[in-house]
1. Answer yes if at least one residue in the stretch 54-71 is within 14 Å of VAL150 (Cβ to Cβ) and out of contact with any Leu (no Cβ under 9 Å at 6 or more places or on another chain), and no otherwise.
2. Return the only residue of LEU127, LEU112 being at pLDDT 90 or above, of a type outside the set (Asp, Glu) and buried (at least 16 other Cβ atoms within 10 Å of the Cβ).
3. For PRO30, which of the numbered conditions (1) surrounded by fewer than 20 Cβ atoms within 10 Å (Cβ to Cβ); (2) in contact (Cβ under 8 Å) with a residue 12 or more places away in the chain; (3) farther than 21 Å from GLU139 by Cβ fails to hold?
4. Restricting attention to the stretch 57-65, does a residue exist that is under 21 Å from ALA128 (Cα atoms) and exposed (fewer than 12 other Cβ atoms within 10 Å of the Cβ)?
5. Does ALA45 meet the test of being closer than 21 Å to GLU133 by Cα and either at pLDDT below 95 or surrounded by fewer than 16 Cβ atoms within 10 Å (Cβ to Cβ) (or both)?
6. Tally up the residues in the stretch 78-97 that are in contact with a helix residue (DSSP H, G or I) (Cβ under 8 Å, 6 or more places away or on another chain) and over 21 Å from GLU64 (Cα atoms), please.
7. Listed residues VAL79, VAL17; which is of a type in the set (Val, Ile, Thr), in contact with a Lys or Arg (Cβ under 8 Å, 6 or more places away or on another chain) and within 21 Å of GLU133 (Cα to Cα)?
Amino acid sequence: MTPLHLDLPLTVSPAIVSPTRRLVEAKLAPALDDEDAVFRVAMTAHELLENAAKYASDGKARLEVDISPRGDDAIVRVVVTNNSTQEHIDHLGTCYAEMNAETDAMAHYFALMRRNAKAGSLSRLGLARVRAEGEMDIEVDIKGEEVKIVASGIVVR
């Protein structure tokens, strides 16, 4: 397998999230023989793009997907970068800190689902879903108004 690198500057809106996910899936399928791996990486791109579509202050984002072969598996990195408002950046910081305080990703994800169902609040489950279902590590890098979310993990090829 050769490494895969996608770099897509996008004008983000909810309408482009699913078509972009299908594009990512089409590019991943030849690189990753495992359907579960394709699903996990495409779902990760979908969730991160959905966040960008909601919170990008200028309607623009950049999606990068990298697959680097390593023996029988591959190192995957999905990055979404966009500008956001300070209010959303502050909320992201709170969600990220709460998520990192929990060692069991799936338990945290289920707890968020239960809490949000009771409160009837916005879901705000995307990062927790990527961490739990996608089995990805999440890093958030904030520089001024720029938000870069990096999801990375190991998948079977």
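The values are calculated or read from the model by the stated rules, or taken from the named source; none is laboratory data. Quick caveat, the model's predicted, so the values are computed rather than measured. Virtual Cβ from ideal backbone geometry, glycine too; neighbours counted across all protein chains shown.
1. no
2. Of LEU127, LEU112, the one residue that is at pLDDT 90 or above, of a type outside the set (Asp, Glu) and buried (at least 16 other Cβ atoms within 10 Å of the Cβ) is LEU127.
3. (2)
4. no
5. No.
6. Looking only at that region, the number is 3.
7. Of the residues listed, the single one that is of a type in the set (Val, Ile, Thr), in contact with a Lys or Arg (Cβ under 8 Å, 6 or more places away or on another chain) and within 21 Å of GLU133 (Cα to Cα) is VAL79.
Matching residues to (1) out of contact with any Phe, Trp or Tyr (no Cβ under 9 Å at 6 or more places or on another chain); (2) within 29 Å of LEU6 (Cα to Cα); (3) of a type in the set (Lys, Arg); (4) exposed (fewer than 13 other Cβ atoms within 10 Å of the Cβ):
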site: ARG70; (1), (2), (3), (4): yes, yes, yes, yes
site: VAL78; (1), (2), (3), (4): yes, yes, no, no
site: HIS108; (1), (2), (3), (4): yes, no, no, no
site: ALA151; (1), (2), (3), (4): yes, yes, no, no
site: VAL156; (1), (2), (3), (4): yes, yes, no, yes
